[in-house]
Structure formats: C-alpha cells, structure tokens
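*Asks:* Can you read through this structure? Questions will come right after.
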Amino acid sequence: MSNGKIVIVTAKVHDVLIETLQQKGFTVMYLPEITYAGLAENIGKATGIIVTTRIKIDRAILEKAVQLQWIGRLGSGMELIDLDFAESKSIKCVSSPEGNRNAVAEHVLGMLLNLYNKISVGFDEIKQGKWIREENRGIELAGKTVGIIGFGNTGSTFANLLSSFGVTVLVYDINKYGFGHDYIKEANLDQVCRYADVISFHVPLSADTLHMADTPFFNSLKQKPIIVNTSRGSVIKTSALIEALKLNLISGAALDVLENEQINSFSALEKEEMGYLTKQSNVLLTPHIAGYSKEAFYKMSLVILQKLEI
C-alpha cells in the first residue's frame, strides 16, 4: 500500500533498495537513465531521491523540490549536491562511503601491485607473441613508504589493508589528528612528497583539493613515486601529471578517475592527453570502477537505508 510518498532513483541500484522502499510504502520511480531536465520535471512530486555522480543536484533543481525530504547519495563525495541550499530547506543528505570503502582500497592495492609487477605489460606482450622476462622484473611493495592523502573511509581502509605488507604509511589529512599507530604515521604534505614511494589520493573534491596535484606538487616529489588516484579526477591536473611522467618525476600512475570521464565529449587536447596516457607502459587506467564491486553495490544500499532510518 503506497503512503503517497514518491522516491526517484536516478541510477542503477541493488534490488534491496527498491524492495525495501516499496515495503515501507514508498512509490519508487526507477529511472536510472533520467536526465537533468527529466529530473527537473519530476522532482516536484518526490519525497526522496537516490543519486550518484551522474546528475548535478543544484539550487535550480532543489528549488523545484517542494516536497523533498531527503537525498541519498550512493558512494562518497557530495560535491554535485548543493548541500548548503539543501540544508536551508531542511532536506536531509546522506552518503554511503562505508559501503564501498573496502572495494576502493582493494582496487588501489590491485592497481599498485599490477604496476610494480608489470602484470598488464607482460600480458600485453604475450598477446603479441613475446615472452620477455628480464625487462619485466617486478618491484616488491615490502619495505616501501606509502603516502596516503586523506584519511577518511577509503584512505583509512587502504592503510589498514597494507598492514601485512611490511610498509611504512605516511598519512596527510588536514582535518584529522591522533590517528597514527604502529606502521601508520601522521605526516604533513611536505613529508609525504619527500619520502613516499607511492602517493594515493583519497580526498573529496573541493576548492581546496581542486588540482591539488599540480606542477609545484610534482616538482616537490623526491622518490619518483607511483601516483594513484581513485578519488576525483580533478584532484590531479592532467597536464601536470603528463609533464611529470615525461620528466621522470614519477615512476608511474594508476588512475581510476579522470578530469573528464565523458570520453565522447573530449576536446582535441583531452584526446591528445588520453592518447599519451594509454601508450605508457607505466600508466594504468580503469573506468571509475574502484568502488563498483558487486559487494559494494549491495552494501551501499544498506548504508543508505540505515542512515535514512528507512
């Protein structure tokens, strides 16, 4: 029996989310392909909406949301939601980084081990009929210093995942203190840039983190680290990363996110940059799937339901 309350789901979600909402009496409009314009047309009748990173929930949308009580964000990062305006309208906003933090951490580790051990490179060569061993000697993670920028859900989970690898972890987080223990050391950004053999970004996108990794950042690196980014593409300035690769300031890059992930909309410069990155044997790219595991798909829905107390 419907309670007259409508939830618009703007992305693919696990069945448990839809079924639970329906059991609680909500009418679910499951519209995973809905556009911004389509949402604008329908938002006025919604009690709640479920979103990811596909549609911007800005002031113009929220002004039309006359019945909206809550927004559930599957995953982490709330930069596409006008949180201040939502709060002014008493709209509850929740995200679910707890649901996919382990998936992200495992993906980071997988990409890092892939690059260190030249797994993709070796496989590509075998597909070409080549059997090359000497040039594909790997590098062990043990004994390395891993820099983590951002110690939230994914950063801390990645640090914990490294416990059995015999590494030193240097963590820089502008908002957190007192979390260091055993192999995890609190550090400032200069120390991370000076000592880390790997630097992994785990920060939300904000005015402070936009192009955090720019030319001065790469010029400050001392150990030629591998750069890993599974947070947001715009945390790293792509042109500066490419220049760092060309100048041998870094040993490689593992990127799950890009500044522009709409490949069909690439400018001439973006096509050129992508062409360069995909030709490098020390670069690994994945299509924003770090937090996209089957388990995370389920757990993120559970977290949303729990936080919304549905």
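Read the figures in this text as sums done on the coordinates, not as results from a lab. The structure presented is a predicted model; accordingly, all values stated were derived computationally and were not measured. Reconstructed Cβ throughout: ideal geometry from the backbone, glycine too, with neighbour counts over all protein chains shown.
*Asks:* Mind jotting down the three principal axis lengths of region 205-310 based on Cα atoms? Whole angstrom, largest first.
*Replies:* 53, 32, 26
*Asks:* Okay, moving on. Among rounded, prolate and oblate, which fits region 98-155 when a ≥ b ≥ c are the square roots of the eigenvalues of its C-alpha gyration tensor, a/c under 1.5 means rounded, and a/b larger than b/c means prolate?
*Replies:* In terms of gyration-tensor shape, oblate.
*Asks:* A follow-up question, please. Counting helices only, and only those DSSP H runs with n ≥ 4, report the 222 nm mean residue ellipticity of the chain as the sum of -39,500 (n - 2.57) divided by its residues, in deg cm²/dmol to the nearest 500.
*Replies:* Per the formula, -10500 deg cm²/dmol.
*Asks:* Report, in degrees rounded to the nearest 10, the 0 to 90 angle that the Cα long axis of helix 294-307 makes with the longest principal axis of the chain.
*Replies:* 50 degrees
*Asks:* Give a quick list of GluC sites (Glu not before Pro) in region 133-233 that DSSP marks as loop, anything other than H, G, I, E or B, with at most 13 other Cβ atoms within 10 Å. Display every interim value, and only then the final one.
*Replies:* Values: sites: GLU134, GLU135, GLU140, GLU186; in loops: GLU140.
Here the sparse-neighbourhood loop sites are GLU140.
*Asks:* Return the single residue from THR157, THR215, THR35 with maximal mean-square fluctuation; model: Gaussian network over the chain, springs between Cα atoms under 10 Å.
*Replies:* Per the Cα network of the chain with a 10 Å cutoff, THR35 tops the list.
*Asks:* For region 207-252, report the convex hull volume of the alpha-carbon atoms normalised per residue, in Å³, without decimals.
*Replies:* Hull volume over Cα atoms, normalised by residue count, gives 68 Å³.
*Asks:* Strictly over 19 Å apart at the Cα level, which of LYS130/LYS271; LYS45/LYS89; LYS12/LYS64; LYS224/LYS246; LYS45/LYS92; LYS64/LYS92 would you flag in this model? Write down the numbers at each step before the final one.
*Replies:* Numbers: LYS130/LYS271 29 Å; LYS45/LYS89 15 Å; LYS12/LYS64 23 Å; LYS224/LYS246 12 Å; LYS45/LYS92 17 Å; LYS64/LYS92 16 Å.
LYS130/LYS271; LYS12/LYS64, as the Cα separations exceed 19 Å there.
*Asks:* I've got another one for you. On average over all directions, what projected area in square nanometres does region 1-140 have, based on the convex hull of its Cα atoms?
*Replies:* Dividing the Cα hull surface by four gives the mean projection, 12.0 nm².
*Asks:* A further question on this structure: Among ALA244, ALA105, ALA142, whose mean-square fluctuation peaks in a Gaussian network model of the chain (Cα, cutoff 10 Å)?
*Replies:* ALA142
*Asks:* Please label the shape of region 154-199 as rounded, prolate or oblate, based on the square roots a ≥ b ≥ c of the eigenvalues of the alpha-carbon gyration tensor (a/c under 1.5 means rounded; beyond that, a/b larger than b/c means prolate, else oblate).
*Replies:* In terms of gyration-tensor shape, oblate.
*Asks:* Rg and Dmax in Å for region 71-118, alpha carbons only: what are they?
*Replies:* 16.1, 52
*Asks:* Let me ask something additional. Of the residues LYS185, LYS127, LYS24, which exhibits the maximal mean-square fluctuation in a Gaussian network model of the chain defined by a 10 Å Cα contact cut-off?
*Replies:* The residue with the greatest mean-square fluctuation here is LYS127.
*Asks:* State whether region 28-87 is rounded, prolate or oblate according to the following rule on the C-alpha gyration tensor (a ≥ b ≥ c being the square roots of its eigenvalues): a/c under 1.5 gives rounded; otherwise a/b larger than b/c gives prolate, and the remaining case gives oblate. Before the final figure, lay out each step's value.
*Replies:* Numbers: a/c = 1.38, a/b = 1.07, b/c = 1.30.
Since a/c stays below 1.5, the shape of region 28-87 is classed as rounded.
*Asks:* Which one, ASN229, LEU258, ALA268, projects farthest toward the positive side of the charge dipole computed for region 219-280 from Cβ point charges (K/R +1, D/E -1)?
*Replies:* Positive-end residue among those listed: ASN229.
*Asks:* Something else: I want to verify the translational diffusion coefficient of the chain in µm²/s; compute it with Stokes-Einstein, Rh as the Kirkwood radius over Cα pairs, at 4 °C and 1.567 mPa s.
*Replies:* After rounding, the answer is 62 µm²/s.
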